[in-house]
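Engineer: Next up is a structure, given as structure tokens.
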Amino acid sequence: MPPEPDYEDLVRLAAASCGMPIALISLVDRDRQWFRASVGLHGPGETERVNSFCTHALQREGVLLVEDAVADERFSTHPLVQGEPFLRFFAGVPLRTEDGVSIGMLCVLDRRPRGWSESQRRCLNGLQRQIELVLSTRVRARRLQERNTELEQAHERMRSLNAFLQAEMRERQRIERELVDQQELLSSILAHIPHSVFWKDRHSVFLGCNQQFARDMGVSSPLEVLGRTDFELPVSSPNADTYRRIDREVMESGVPRLTYEESLQSPDGKVSWFLTSKVPLKDSEGVVQGLVGIYVDISERRRQEATLQETKELIERHAAHLEEQVLEAHERTLHLMEHSREVVFVLDAAGNVLEVNPVAERLLGISREQLLGTSFEALASEDERRPLQRMLTDLRVRGTVRLEEQGLRSANGGRVALGIAASLQVSGTARRLLIVGDDLTEKRRLEQQNIQNDRLASMGALAAGIAHEINNPTSYVLSNLSYLQEWRDELERELEAIPGLPPRLAETLSEVKEILAECLVGGQRIRDIVRDMRFFSHTAGEEQTPVDIHSCLDVVLRMAHNELKHTARLELHYAESLPPVSASEGRLSQVFLNLIVNAAQAMRSGGTERNVLRVSTAVEGEWVRIDISDTGHGIPPEVLSRIFEPFFTTKPAGSGTGLGLSISQSIIQKMGGEMRVRSEAGRGTTFTLLLPVLV
């Protein structure tokens with residue numbers, strides 16, 4: 001940029017009046033500063049703004065004074081301090097526009113540290129005002145020039161726009177007077193109408209617009225629109241192809257396109273709708289030279305229309321179904337009551353039972369006559385009553401409520417878990433509460449079964465680990481015991497050849513022989529238990545393979561030996577030839593162990609003289625039959641039909657979960673088999689398993 005005498009004179013005056021070798025005027029934008037005029041400074045005409053003296057000067061009022069830049073932590077590392085021109089002293093004041101916007105700085109500098117006097121400050125402030133006055137004068141002059149240019153361009157555009165209306169007017173003075181009048185009128189209209197107006201040339205380049213259109217396009221002045229196309233305006237560019245196509249249709253056909261709707265998407269993604277008209281602009285000979293367009297924002301109207309339409313449709317649908325819903329409510333309730341597989345209660349507004357279906361009677365074990373008139377809240381235990389109370393309160397207000405799980409008490413004191421969906425039924429002035437409950441017992445059974453399976457898997461892993469740890473030392477002990485037994489036998493033979501063997505020594509050798517024999521039997525028992533534990537560690541498996549029922553039973557009986565040895569005698573009645581079955585050996589062992597342990601627990605009293613556990617096998621057609629019988633207390637007839645139900649148990653609280661038989665039956669059924677039971681109170685129980693023969 002060439003030097004300007006006005007600014008050059010001012011910086012020389014600043015250097016002289018402040019007694020400094022360097023003075024400059026800098027202007028800034030967001031990232032850089034450049035020197036408009038300088039004296040005593042050579043080098044580049046601009047620098048980065050980051051951490052510059054100018055940045056700090058612009059952030060404060062008055063003079064920014066740095067008497068020694070090396071000692072000032074803000075500037076000690078600045079390139080102009082560390083390198084050429086090795087600045088040490090700085091005094092600067094910000095330069096601002098009439099609007100108070102900081103645009104640059106007047107500063108004086110020196111290559112050595114120094115002080116600063118009041119007279120120097122006044123000189124610098126005075127020169128600051130002079131420079132701001134020069135800047136302000138130039139800005140006003142440039143604005144006036146831009147305004148004149150804008151007026152001239154507007155005048156020319158208006159002449160072009162109205163030329164075809166003035167074709168018959170011959171007199172130049174009259175034409176100019178008419179154009180001025182039309183220009184003033186059009187300018188007034190464009191400035192005050194609440195619509196957006198624009199006009200374009202033959203190539204869809206904007207020739208002009210009003211202020212409203214400029215605001216719509218995201219610019220501050222119509223001048224910023226001139227000479228640009230829809231593609232070059234950030235707001236209209238997403239739909240520029242559509243606008244250009246319609247422009248071309250209007251100009252090529254010469255026919256206006258009036259009051260059609262189109263959309264405009266702003267940069268933030270908001271879509272607006274407009275009612276637009278476009279009219280071709282023709283010269284005196286009828287040749288289309290461009291077009292003028294006008295549009296009005298109808299976004300709010302469209303939103304209101306859409307809302308009204310949705311509301312109307314909603315009301316119509318509601319009105320159409322309201323009567324039908326009222327008429328069907330009673331029938332639907334009756335249908336649910338009679339045919340639903342779920343628990344259904346109908347309550348009055350106070351929450352008392354008015355009606356109940358058979359499923360609820362069966363599940364709770366309470367008759368309909370006993371339930372009628374009962375407060376529904378009273379069916380829950382004390383610790384579960386509060387959520388039920390809140391549900392009924394919310395139901396009366398909201399109309400529909402759901403509870404993921406709510407417990408009710410059955411006749412025998414057990415807990416019945418229900419997932420509840422409730423709705424308010426209104427018929428005239430009558431208000432009824434419809435409660436529909438889904439029995440969650442099966443879901444909880446599956447959850448408990450998964451927990452049981454996880455426990456068995458953990459037990460299996462533990463058993464495998466224990467078996468592995470015991471196996472090696474057991475082998476050492478058995479090997480050493482065998483060696484000791486052989487050594488004792490050899491010693492006994494050697495001593496027999498010696499005459500006069502003391503009787504006490506012979507007795508000791510005999511006792512040692514018995515002790516070693518007992519140790520070997522015990523060690524072999526440990527080895528068998530370890531082997532069985534390693535087998536039982538695979539009970540988590542689900543793969544079905546050919547299984548030898550007798551081998552599987554033998555393993556389980558060894559596992560249950562301690563449970564049985566002081567309780568009952570064991571009788572085995574195995575078939576001579578038993579074909580294999582397709583099953584999960586681990587799962588089948590789990591079933592056998594559960595039945596045998598249950599049988600042992602049923603025979604706790606009486607001892608081995610009275611109690612007998614009988615295990616028998618047989619082939620019946622295409623089935624292998626396994627019977628496990630005990631001589632225990634038996635199962636009462638009134639509960640025999642419920643023993644396979646999840647969570648049902650006759651054992652004392654804390655002695656069982658009531659899932660063993662349910663899980664066992666599920667395992668046998670998954671293997672394609674069947675599980676039966678027969679029992680007589682006081683005489684014992686027999687469980688029969690039928691498994692298909694492996695083909």
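The values are calculated or read from the model by the stated rules, or taken from the named source; none is laboratory data. In this text, all values refer to a predicted model and were calculated from it rather than measured experimentally. Every residue, glycine as well, gets a Cβ built from its backbone with ideal geometry; the counts of neighbours run over all protein chains shown. The area values use the complete protein model at the heavy-atom level, side chains included, leaving out ligands, DNA and RNA. Shrake-Rupley method; radii C 1.70, N 1.55, O 1.52, S 1.80 Å.
Engineer: 5 Å is the cut-off here: which amide hydrogens, built 1.01 Å from N in the peptide plane, fall below it relative to VAL677, excluding neighbours closer than 5 in sequence?
Structural biologist: Placed amide hydrogens put THR688 under 5 Å from VAL677.
Engineer: Okay, moving on. Using +1 on the beta carbon of Lys and Arg, -1 on that of Asp and Glu, and nothing else charged, what's the dipole of segment 69-148 about the Cα centre, debye to 20?
Structural biologist: Rounded to the nearest 20 debye, it is 280 debye.
Engineer: Quick check: with the 1.4 Å probe, what order do SER479, SER237, SER410 take by accessible area, largest first?
Structural biologist: The residues order as SER479, SER237, SER410, largest area first.
Engineer: Quick one: net charge around LEU570, please, counting Lys, Arg +1 and Asp, Glu -1 for every other residue with C-beta under 13 Å from its C-beta.
Structural biologist: Charge balance near LEU570 sits at 0.
Engineer: Heads up, I need the accessible area for ILE635: 1.4 angstrom probe, whole protein in place, Å², nearest 10.
Structural biologist: Its heavy atoms expose roughly 30 Å² to the probe.
Engineer: So how far apart, in nm, are the two label points at ASP627 and VAL693 if each is 7 Å from Cα heading toward Cβ?
Structural biologist: Output for this residue pair reads 1.9 nm.
Engineer: For labels at ASN239 and GLU514 in the simple 7 Å Cα→Cβ model, what's the distance in nm?
Structural biologist: The answer from the label model is 11.0 nm.
Engineer: As I understand it, the dipole of segment 168-218 uses +1 on the Cβ of Lys and Arg and -1 on the Cβ of Asp and Glu, about the Cα centre. Which of LEU190, PHE213, LEU179 lies farthest toward its positive end?
Structural biologist: PHE213
Engineer: Taking R0 as 45 Å, what's the FRET efficiency between ASP201 and ARG317 from their Cβ-Cβ distance, rounded to 0.05?
Structural biologist: 0.30
Engineer: I'd like to check one number: the per residue accessible area of segment 48-196, probe 1.4 Å, reported in Å² as a whole number.
Structural biologist: Per-residue accessible area for segment 48-196 comes out at 61 Å².
Engineer: Continuing with this model, one more query. Going by accessible area, probe 1.4 Å, with all protein chains left in place, what is the ranking of GLU507, GLU384, GLU543, largest first?
Structural biologist: GLU543, GLU507, GLU384
Engineer: Follow-up. Can you send over the solvent-accessible area of TYR295, 1.4 Å probe, protein chains only, in Å² to the nearest 10?
Structural biologist: Probe radius 1.4 Å; accessible area of TYR295 about 20 Å².
Engineer: Taking the Cα centre of segment 108-169 as origin, work out the dipole magnitude from +1 charges on Lys and Arg Cβ and -1 charges on Asp and Glu Cβ, in debye rounded to 20.
Structural biologist: Its charge dipole is roughly 660 debye.
Engineer: Now for a separate question. From the backbone phi of segment 610-626, what are the Karplus-calculated ³J(HN,Hα) couplings (6.51 cos²θ - 1.76 cosθ + 1.60, θ = phi - 60°) in whole Hz, Gly and Pro given as x?
Structural biologist: Coupling constants for segment 610-626: 9, 8, 9, 9, 10, 10, 9, 10, 7, 10, 10, x, 9, 10, 9, 10, 10 Hz.
Engineer: For segment 257-324, what percent of Cα pairs sit more than 16 Å apart?
Structural biologist: Result: 67 percent of Cα pairs exceed 16 Å.
Engineer: Contour minus end-to-end for ARG174 and GLU680, with contour as 0.36 nm per residue of separation and end-to-end as the Cα-Cα distance?
Structural biologist: So the chain would gain 169.4 nm between ARG174 and GLU680.
Engineer: Something else now. With Cβ to Cβ distances under 15 Å as the rule, what net charge do the other residues near ASP489 carry (K, R +1; D, E -1)?
Structural biologist: Summing Lys and Arg as +1 and Asp and Glu as -1 gives -4.
Engineer: Treating only the Cβ atoms of Lys and Arg (+1) and Asp and Glu (-1) as charged, compute the dipole magnitude of segment 24-119 about its Cα centre; round to the nearest 20 debye.
Structural biologist: About 160 debye.
Engineer: Would you mind counting up the charge near ASP110? Only other residues with Cβ under 12 Å from its Cβ, with Lys and Arg at +1 and Asp and Glu at -1.
Structural biologist: +2
Engineer: Another question, then. Please go through segment 77-156 and write out the chymotrypsin sites (Phe, Trp or Tyr not before Pro) that DSSP classes as loop and that have at most 13 other C-beta atoms within 10 Å.
Structural biologist: Within segment 77-156, the qualifying chymotrypsin sites (Phe, Trp or Tyr not before Pro) (loop, at most 13 other Cβ atoms within 10 Å) are PHE86.
Engineer: Give me the extension gain from LEU258 to ASP394: residue separation times 0.36 nm, minus the current Cα-Cα distance, reported in nm with one decimal.
Structural biologist: Going from the current span to full extension adds 43.4 nm.
Engineer: Ranked by accessible surface with a 1.4 Å probe, highest first, in what order do VAL677, VAL353 come?
Structural biologist: Result, largest first: VAL677, VAL353.
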